[in-house]
Amino acid sequence: MMDFIFSVLAFIAAVGVLVVVHELGHFCVARAVGIKVLRFSVGFGKPIWGRRIGRDQTEFVVAAIPLGGYVKMLDDREGPVPPADLRREFNRQPLAARTAVVMAGPLFNFLFAILAYCAMYVIGISGLKPQIGGVASDSIAAKAGLRPGVEIVSVDEEPTPTWEAVINETIPKVVDGEPVNLLVRDEDGRTRKVAIDLGRVHIDDLARGSLLRRLGIQPYRPHLEAVIGDVLAGGAAERSGLRAGDRILRADGRPMQSWEQWVDYVQERPEQTIQLRVERGETPLSLEVRPERSEVEGRVIGRIGAGVAPPKDLDPALVATQRYTLLDAFGHSVSKTLEMSVITLKIIFKMVLGEASVRNLSGPISIAQYAGQSAGIGMAAFLSFLAIVSVSLGVLNLLPVPLLDGGHLLYYLIELVQRKPVSVETQRFAQQIGMVLLGSLMAIAIYNDVARILN
């Protein structure tokens, strides 16, 4: 239950920030070109909070449904405009001004993504070094010449200090269906180049989070004792009486030799009671825990809301942090935002062509889960999540679909060519088509969310 509440709060916080950023773009540019703004709303539906501010008495509102927002400007298409305000009416502005106002929302999303990535790189992304622990026989990795003990130094000449860096650098190649070139370091310290053919890796493998498994790579993980670390307040572990420092000896009579074995045992038993034998100090105890049901990467698992106790003797050589100076972080952030924008467009295009499954679409339920998971990992992970969603919002809003910013930009392009605005009747008809398209996409996304939970 606490996981659910935490995910909802993280989702509301993430959506709130991203909606404010997007609408702030429209608002700031509208004010800059002299358009009168009537309302700035975060959310849809009935207002739950509101206040009028400024000489225009612009109404700032927080509404009940936190799934978007809007900026309402003075517009003679929605009612009569006082003569004194005609010059500040949106529809009477030059084409360049209207285009700038519409473009500003998505552009602010891209700018926010750059700032979020920049903060993430300055904070630093810590993780295990990309050392291979196992390679499946007859797998893509095995045929390429990878073997246990090898460390991946770079991907296409980009340094990869952590496994996350390896995956992030490989994803664009999977989307393009191109081979990837690795520089690896063998156990004897010598380096060599390895080319991996990604032709057998489908883009849907990325959505399922199974890229490494598809390649046949098992990351090396240090041995961790089955000792409880942090315990989430209100989670299944706390309710069962587990405390930090408890050593899991047996689960349903089976010895637990490692934390990985314990995690696998819990994940395989959502909503099933597990009888535990634990050691607290020198005192053995009998407890029982019932893992909560959770959906991760398309599969249902059990979770108890507890982390592993950090090992006191973990070899520092196994851990790395990807961190940059502010100037370098900014440069990487711009490149990352551009790269993610192109990847998003390519994936959308592949969905339209049927080369990628629409099952990859995620709705509000999945996004809430990802928000909670990333926020639980740490600030750097949550910033990465915000940046990715912000890029997605920017790209999606620029698509030439009626009701979206890109639809309005398409109208303005037609107006530029034919030297007169698109008729109101045409716009209304196009809006109906846009509503059907967006409604269908939302229905598919929600269906995918529900299907993931039920499966």
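The values are calculated or read from the model by the stated rules, or taken from the named source; none is laboratory data. Please read these numbers as outputs of a predicted model, since none were measured by experiment. Note: ideal-geometry Cβ built from the backbone for every residue, glycine included; neighbour counts use all protein chains shown.
Could you list, in sequence order, all residues of region 406-455 that are closer than 23 Å to residue 107 by Cβ, at pLDDT below 90 and of a type in the set (Gly, Ala, Ser)?
Within region 406-455, just 434 meets the criteria.
Could you tell me how many of the residues in region 1-41 are surrounded by 16 or more Cβ atoms within 10 Å (Cβ to Cβ), free of Cβ contacts under 8 Å to residues at least 60 places away in the same chain, more than 20 Å from the chain's Cα centre (by Cα) and part of a helix (DSSP H, G or I)?
The total comes to 2.
Restricting the search to region 155-168, which residues are farther than 13 Å from residue 127 by Cα and either crowded, with 19+ Cβ neighbours inside 10 Å or not assigned by TED's automatic domain parsing to the domain that holds residue 318 (or both)?
Across region 155-168, the qualifying residues are 155, 168.
When residues of region 242-260 are filtered for being more than 31 Å from the chain's Cα centre (by Cα) and buried (at least 20 other Cβ atoms within 10 Å of the Cβ), how many remain?
5
Taking the criterion of being surrounded by 13 or more Cβ atoms within 10 Å (Cβ to Cβ), β-branched (Val, Ile, Thr) and either assigned to a helix (DSSP H, G or I) or touching a residue at least 12 places away in the same chain (Cβ under 8 Å) (or both), would at least one residue in region 77-89 satisfy it?
no
Identify the residue in region 332-341 that is touching a residue at least 60 places away in the same chain (Cβ under 8 Å) and aliphatic (A, V, I, L, M) and, among all such residues, is farthest from residue 388 (Cα to Cα). Outline the logic, then answer.
If we filter region 332-341 for residues that are touching a residue at least 60 places away in the same chain (Cβ under 8 Å), which is where we start, we get 332-334, 336-337, 339-341.
Going one step further and asking which of them are aliphatic (A, V, I, L, M), we end up with 334, 340.
Values: 334: 13, 340: 7 Å.
Within region 332-341, the match that is farthest from residue 388 (Cα to Cα) is 334.
Select from region 261-288 the residues that are in a helix (DSSP H, G or I) and either of a type in the set (Gly, Ala, Ser) or surrounded by 15 or more Cβ atoms within 10 Å (Cβ to Cβ) (or both) and list them in ascending order.
Matches in region 261-288: 261, 262, 263, 265, 266, 267.
For region 109-126, check the following and say yes or no: at least one residue is out of contact with any helix residue (DSSP H, G or I) (no Cβ under 6 Å at 6 or more places or on another chain), modelled with pLDDT under 90 and surrounded by fewer than 22 Cβ atoms within 10 Å (Cβ to Cβ).
Taking every residue of region 109-126 in turn, at least one turns out to be out of contact with any helix residue (DSSP H, G or I) (no Cβ under 6 Å at 6 or more places or on another chain), modelled with pLDDT under 90 and surrounded by fewer than 22 Cβ atoms within 10 Å (Cβ to Cβ).
Which is over 25 Å from the mean Cα position of the chain (by Cα), among the hydrophobic types (A, V, I, L, M, F, W, C) and either assigned to a strand (DSSP E or B) or under 30 Å from residue 136 (Cα atoms) (or both), of 228, 301?
Numbers: 301 fails: over 25 Å from the mean Cα position of the chain (by Cα).
Result of the check over 228, 301: 228.
Taking the conditions exactly as written (outside the structural domain of residue 240 (by TED's automatic domain parsing), touching a strand residue (DSSP E or B) at 6+ places or on another chain (Cβ under 9 Å) and not charged (D, E, K, R)), does residue 17 satisfy them or not? Give the derivation first.
Numbers: outside the structural domain of residue 240 (by TED's automatic domain parsing): yes; touching a strand residue (DSSP E or B) at 6+ places or on another chain (Cβ under 9 Å): no; not charged (D, E, K, R): yes.
It is false that residue 17 is outside the structural domain of residue 240 (by TED's automatic domain parsing), touching a strand residue (DSSP E or B) at 6+ places or on another chain (Cβ under 9 Å) and not charged (D, E, K, R).
When you go through (1) outside any helix (DSSP H, G or I); (2) out of contact with any Gly (no Cβ under 9 Å at 6 or more places or on another chain) one by one for residue 400, which number turns out not to apply?
With respect to (1) outside any helix (DSSP H, G or I); (2) out of contact with any Gly (no Cβ under 9 Å at 6 or more places or on another chain), residue 400 is out only on (2).
Looking at region 209-225, can you tell me whether even one residue there is of a type in the set (Asp, Glu) and in contact (Cβ under 8 Å) with a residue 40 or more places away in the chain?
Yes, there is a match, as at least one residue in region 209-225 is of a type in the set (Asp, Glu) and in contact (Cβ under 8 Å) with a residue 40 or more places away in the chain.
From the set of residues in region 289-331 that are surrounded by 18 or more Cβ atoms within 10 Å (Cβ to Cβ) and in contact with a Phe, Trp or Tyr (Cβ under 8 Å, 6 or more places away or on another chain), which is modelled with the highest pLDDT?
329
Return the residues of region 232-260 that are among the charged types (D, E, K, R) and either at positive phi or touching a Ser or Thr at 6+ places or on another chain (Cβ under 6 Å) (or both); say none if nothing qualifies.
Answer for region 232-260, where residues must be among the charged types (D, E, K, R) and either at positive phi or touching a Ser or Thr at 6+ places or on another chain (Cβ under 6 Å) (or both): just 252.
Tell me whether region 234-242 contains one or more residues that are at pLDDT 90 or above, more than 26 Å from residue 127 (Cβ to Cβ), outside the structural domain of residue 210 (by TED's automatic domain parsing) and in a loop (DSSP other than H, G, I, E, B).
So far as region 234-242 goes, yes, one or more of its residues are at pLDDT 90 or above, more than 26 Å from residue 127 (Cβ to Cβ), outside the structural domain of residue 210 (by TED's automatic domain parsing) and in a loop (DSSP other than H, G, I, E, B).
Spot the failing condition for residue 274; the list is (1) over 27 Å from the mean Cα position of the chain (by Cα); (2) within 25 Å of residue 222 (Cα to Cα); (3) hydrophobic (A, V, I, L, M, F, W, C), and only one is missed.
It is condition (2) that residue 274 fails.
Name the residue that is farthest from residue 396 (Cα to Cα), counting only residues in region 343-357 that are in a helix (DSSP H, G or I) and without any contact (Cβ under 8 Å) to a residue 12 or more places away in the chain.
From region 343-357, those in a helix (DSSP H, G or I) are 343-353; that's our starting set.
Of the ones still in play, those that are also without any contact (Cβ under 8 Å) to a residue 12 or more places away in the chain are 349, 351-353.
Numbers: 349: 12, 351: 14, 352: 14, 353: 17 Å.
Per the criteria, the residue is 353.
Does region 130-146 contain any residue that is under 27 Å from the mean Cα position of the chain (by Cα), surrounded by 15 or more Cβ atoms within 10 Å (Cβ to Cβ), more than 27 Å from residue 367 (Cα to Cα) and not hydrophobic (A, V, I, L, M, F, W, C)?
Checked against the condition, which is being under 27 Å from the mean Cα position of the chain (by Cα), surrounded by 15 or more Cβ atoms within 10 Å (Cβ to Cβ), more than 27 Å from residue 367 (Cα to Cα) and not hydrophobic (A, V, I, L, M, F, W, C), region 130-146 yields at least one hit.
Consider region 62-76. How many of its residues are free of Cβ contacts under 8 Å to residues at least 60 places away in the same chain and farther than 12 Å from residue 37 by Cβ? It would help to see each step written out before you state the result.
Kept after step one, since they are free of Cβ contacts under 8 Å to residues at least 60 places away in the same chain, are these residues of region 62-76: 62-66, 68-76.
Among the residues that remain, those that are also farther than 12 Å from residue 37 by Cβ are: 62-66, 68-69, 76.
Adding up the residues that qualify gives 8.
Name the residue, out of 357, 392, 384, 341, that is on the phi < 0 side of the Ramachandran plot, modelled with pLDDT under 90, crowded, with 16+ Cβ neighbours inside 10 Å and in the same structural domain as residue 436 (by TED's automatic domain parsing).
384
Would region 90-97 turn up any residue that is buried (at least 16 other Cβ atoms within 10 Å of the Cβ) and within 34 Å of the chain's Cα centre (by Cα)?
Checked region 90-97: at least one residue is buried (at least 16 other Cβ atoms within 10 Å of the Cβ) and within 34 Å of the chain's Cα centre (by Cα).
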